[in-house]
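Inspection log for the structure reproduced underneath, given as structure tokens.
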Amino acid sequence: MTEKKRNFKVRLVYNILSVGMIDIASQRTGDCNRMKGYSLIELIVFIVIIGLVSVALLIPLNFISEKSPNPINQTTALMLAQERMELIIGQRQLVGFTNFTDPCAVGSPPAICTNPITGFTVSTPVISTITSGKQMVVTVTGPGNSKAVLTTQVGNY
């Protein structure tokens, strides 16, 4: 047999075997490709499970946020408490340290003492004497569990 014929036969056998292997390999990889992806049913089940878990996590969060104070109400309560505190400190500058009280609690209160914002209540401030002066506590409550408490100490200077 000549060298040419022998090379031809070797190449032919090699090609036949390699084509057969490719066919066998492609059949195997075809099976693997079918098994690699997810079916539509699996994706739908996954989406439903994720939806149920997210709903289960968001319901308590919604419940907590309903019970928590509204930031706008908190800010309004703090503003009202600060106004009352400044009114009392201004009263101290007018009548002196020993006689200052809440002007809204005695006699005929000034117009500023009427609460223009509905739903908020300013409690009568507590003015107590401490060793270094007086301590004032103003508490404002509002809708939705909003509350502001301001405490200040005023010295006799």
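The values are calculated or read from the model by the stated rules, or taken from the named source; none is laboratory data. Given the structure is predicted, the values throughout are model-derived calculations rather than measurements. Here the Cβ is made from the backbone with ideal geometry for all residues, glycine too, and neighbour counts use every protein chain on show. Only protein heavy atoms, including side chains, enter the accessible area calculation; ligands, DNA and RNA are left aside. Shrake-Rupley method; radii C 1.70, N 1.55, O 1.52, S 1.80 Å.
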Accessible area expressed per residue, the range 32-157, with surrounding protein chains retained (probe 1.4 Å, Å²): 71
For Glu42 the rounded accessible area (nearest 10 Å², probe 1.4 Å, non-protein molecules ignored) is 100
Protein chains only, probe 1.4 Å: how do Lys36, Lys134, Lys147 rank by accessible area, largest first? Lys36, Lys147, Lys134
Using alpha-carbon positions, what is the distance between the centroids of the range 36-90 and the range 135-157, in Å? 28
Phi-based couplings in Hz for the range 130-136 (Karplus 6.51, -1.76, 1.60; Gly and Pro marked x): 10, 4, 9, x, 10, 10, 10
Quick check: at a probe of 1.4 Å, how many percent of the accessible area of the range 71-143 sits on carbon and sulfur atoms? 60
How many nm is it between the label spots at Ser68 and Cys113, if each spot is 7 Å from the Cα in line with the beta carbon? 3.7
Surface accessible to a 1.4 Å probe, Ile41 within the full protein complex, Å²: 130
Can you give me the distance in nm between label points at Gln93 and Ile50, each placed 7 Å from the Cα along the Cα-to-Cβ direction? 6.2
Karplus ³J(HN,Hα) for the range 42-57 (6.51 cos²θ - 1.76 cosθ + 1.60, θ = phi - 60°; Hz, whole; x = Gly/Pro) runs 5, 5, 5, 4, 4, 5, 5, 5, 4, x, 5, 5, 5, 5, 5, 7
Sorted by accessible surface (1.4 Å probe, heavy atoms of the protein chains only), largest first, Ser132, Ser54, Ser108 come out as Ser108, Ser132, Ser54
